[in-house]
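Only one structure is covered here, and it is reproduced in the block below.
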Amino acid sequence: MLSKETIAIIKSTAPILDEHGETLTRHFYQRLFSHNPEVAPFFNKINQVTGSQQKALAAAICAYAANIDNLEILGGAVELIAQKHVSLQIKPEHYPIVGENLLASIKEVLGEGATENIINAWAEAYGLLADILIGREKQIYTENATMIGGWEGFKPFKVIKKEKESEIITSFYLVPEDKAELPLFKPGQYITIRVPEQNNQTTMRNYSLSDKPNQDWFRISVKREIGPSAHTPEGYVSNLLHQEIEVGTILEVAPPCGEFFLEVTEKHQRPLVLLAAGIGITPLLSMLLSATEAMPEREIIVIHECLSLRLQAFKPTIDALAKKNTNLKVHYRYSDVIPKTENSNNLSAGVIDLKLIKSMVPERNADYYFCGPQAFMANIYHELLSWGVPPNQVHFEFFGPKQTLEKPKSGQCPMGN
């Protein structure tokens, strides 16, 4: 535990870090990559270019400082970070590298304001957080390695099928090159793909598993990321997968991870509501396929928001499930022109909002799982809470660095994708 003096110093620095947070984190990443280029493969370059990584870290540091005297509320954040770290194969030896560069950055950015007492307090606070994360990550590494079909590190997988799902989304079916049994992942979890770069380094990306567990393959469904502006590069890995990876290609894959999943062994009377925008459908499809099989009697509502039908993935799969399962209700909402289909009763224009959710959910007492872009996530999160849905029935997953949906209440850690 931290001393009272350390806690007081850390909390007193929270306003300073709030003011200088992004300046500090920009400096930190520049220093980290300059002094320790070997850690660069752990980070997504596009998130660095757009500044989302820096903003996420700034919010995390401020949150940790503000809540340093109430570490219990960090439980959810610790699990999220630990799962992400294990997916990227971050190990205990990486923590001193981050700590050294973080403390040096505080000194260099705050100047005379970074007194010896402040630096010592932050060193102690960082050490405590590192110990907590390392302990949990050790447990996850052990669980992944010892489960049936499990392993640690990256393992070669062969692409056995490549299937186009829409104009921008393609599915890849992967099997172990050694033909070993696959572990039983939880619907909603992701795997990590590691690929080489031109600079003789590697880079990694997390991709949700879009099929149900207990198949003879892992399936990921990848959106080809096109740079939104001249200053933002295209997604390196997604374009590599779409353009160069073919059937027979070997990819390096790390074990399934993630704290966002549907526990199909739990039995609930209340409905299951799955809300997705764009490529956010991938983890929810795994949940849907698993739920309709494990709990066919449960009422399930699926709402998928897309720009257009030509960009939408898995509509035929979801429609086929709805025909078989009378307890499954489906609605599609399009930003573009509503497509002409045989059944237009479940189509509408616009975005997913509380009015639409209320029209489909018989009562607010349901379990809500949602995934998509940040603006979509923030809107859904706030609308559900404003409706009075209990926070423990609201479950969500972000792609990219996890941003706070409200004023920070819990901290993250300097390392992540």
Seminar exercise, completed: Within the range 366-389, of all residues that are in a loop (DSSP other than H, G, I, E, B) and modelled with pLDDT of 95 or more, the one surrounded by the fewest Cβ atoms within 10 Å (Cβ to Cβ) is GLY388
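A quick yes/no check of all residues on (1) within 22 Å of ASN379 (Cα to Cα); (2) in a helix (DSSP H, G or I); (3) touching an Asp or Glu at 6+ places or on another chain (Cβ under 6 Å):
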position	(1), (2), (3)
LEU285	yes, yes, no
ALA291	no, yes, no
ILE303	yes, no, no
ILE318	no, yes, no
VAL330	yes, no, no
VAL337	no, no, no
Exercise. Of the residues LEU288, LEU284, which is without any contact (Cβ under 8 Å) to a residue 60 or more places away in the chain and surrounded by 24 or more Cβ atoms within 10 Å (Cβ to Cβ)?
Worked result: LEU288
Problem set entry | Per-region count, the range 288-315, residues under 18 Å from LYS223 (Cβ atoms) and out of contact with any Phe, Trp or Tyr (no Cβ under 8 Å at 6 or more places or on another chain) | 4
Problem set entry | All positions within the range 164-178 that are acidic (Asp, Glu), within 14 Å of LYS223 (Cβ to Cβ) and in contact with a strand residue (DSSP E or B) (Cβ under 7 Å, 6 or more places away or on another chain) | GLU165
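Here's the yes/no breakdown for (1) surrounded by 21 or more Cβ atoms within 10 Å (Cβ to Cβ); (2) touching a helix residue (DSSP H, G or I) at 6+ places or on another chain (Cβ under 6 Å); (3) at negative phi; (4) not assigned by TED's automatic domain parsing to the domain that holds VAL78:
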residue	(1), (2), (3), (4)
LEU129	yes, no, yes, no
GLY135	no, no, yes, no
LYS162	no, no, yes, yes
ILE169	yes, no, yes, yes
TYR173	no, no, yes, yes
LEU182	no, no, yes, yes
ILE191	yes, no, yes, yes
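Residue-wise test of (1) surrounded by 21 or more Cβ atoms within 10 Å (Cβ to Cβ); (2) of a type outside the set (Gly, Ala, Ser).
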residue	(1), (2)
ILE7	no, yes
ILE10	yes, yes
THR23	no, yes
ARG31	no, yes
ASN36	no, yes
GLN53	yes, yes
ALA58	yes, no
For this session: Return the residue satisfying two criteria in turn: it lies in the range 234-265 and is out of contact with any strand residue (DSSP E or B) (no Cβ under 7 Å at 6 or more places or on another chain) and within 16 Å of GLU197 (Cα to Cα), and of such residues it is surrounded by the most Cβ atoms within 10 Å (Cβ to Cβ).
Result: GLY235
Problem set entry | Cβ-Cβ under 6 Å pairs, at least 6 apart or on other chains, the range 209-224 side assigned to a strand (DSSP E or B), far side surrounded by fewer than 19 Cβ atoms within 10 Å (Cβ to Cβ) | ARG219/SER171; SER221/SER171
Seminar exercise, completed: Of the conditions (1) more than 19 Å from the chain's Cα centre (by Cα); (2) under 30 Å from THR142 (Cα atoms), the single one that TYR29 does not satisfy is (2)
For this session: Enumerate the pairs (first residue in the range 317-331 and assigned by TED's automatic domain parsing to the domain that holds LYS358; second residue anywhere and among the small types (Gly, Ala, Ser) and part of a helix (DSSP H, G or I)) with beta-carbon separation below 7 Å, excluding pairs fewer than 6 apart on the same chain, so at least 6 apart or on different chains.
Result: LEU328/ALA322; VAL330/ALA322
Exercise. Out of (1) in a strand (DSSP E or B); (2) loosely packed, with under 15 Cβ neighbours inside 10 Å; (3) not hydrophobic (A, V, I, L, M, F, W, C), the odd one out for THR326 is which?
Worked result: (1)
Exercise. For the range 38-52, does any single residue satisfy the condition of being in the same structural domain as ILE132 (by TED's automatic domain parsing), under 22 Å from the mean Cα position of the chain (by Cα) and free of Cβ contacts under 8 Å to residues at least 40 places away in the same chain?
Worked result: yes
Problem set entry | Criterion (part of a loop (DSSP other than H, G, I, E, B), more than 30 Å from GLN312 (Cα to Cα) and assigned by TED's automatic domain parsing to the domain that holds HIS27) met by exactly one of ILE90, ILE140, ILE118 | ILE90
For this session: Name the residue, out of ILE81, ILE106, that is over 17 Å from LEU32 (Cα atoms), surrounded by 22 or more Cβ atoms within 10 Å (Cβ to Cβ), of a type in the set (A, V, I, L, M) and in contact with a helix residue (DSSP H, G or I) (Cβ under 8 Å, 6 or more places away or on another chain).
Result: ILE81
For this session: For THR142, indicate whether it is of a type in the set (Ser, Thr, Tyr) and without any contact (Cβ under 8 Å) to a residue 24 or more places away in the chain.
Result: yes
For this session: Taking only the range 246-305 into account, find how many residues are aliphatic (A, V, I, L, M), under 24 Å from the mean Cα position of the chain (by Cα) and either under 19 Å from ARG205 (Cα atoms) or at pLDDT below 95 (or both).
Result: 7
Exercise. Going by the conditions given, is THR192 in contact with a His (Cβ under 7 Å, 6 or more places away or on another chain), assigned to a strand (DSSP E or B) and touching a residue at least 12 places away in the same chain (Cβ under 8 Å)?
Worked result: no
Seminar exercise, completed: The residue from ALA56, ALA82, ALA114, ALA77 that alone is free of Cβ contacts under 8 Å to residues at least 12 places away in the same chain and not aromatic (Phe, Trp, Tyr) is ALA114
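The values are calculated or read from the model by the stated rules, or taken from the named source; none is laboratory data. Bear in mind that the values here come from a model prediction, so they are computed numbers and not experimental data. For neighbour counting, all protein chains shown are included, and Cβ atoms are generated from backbone atoms with ideal geometry for every residue, glycine included.
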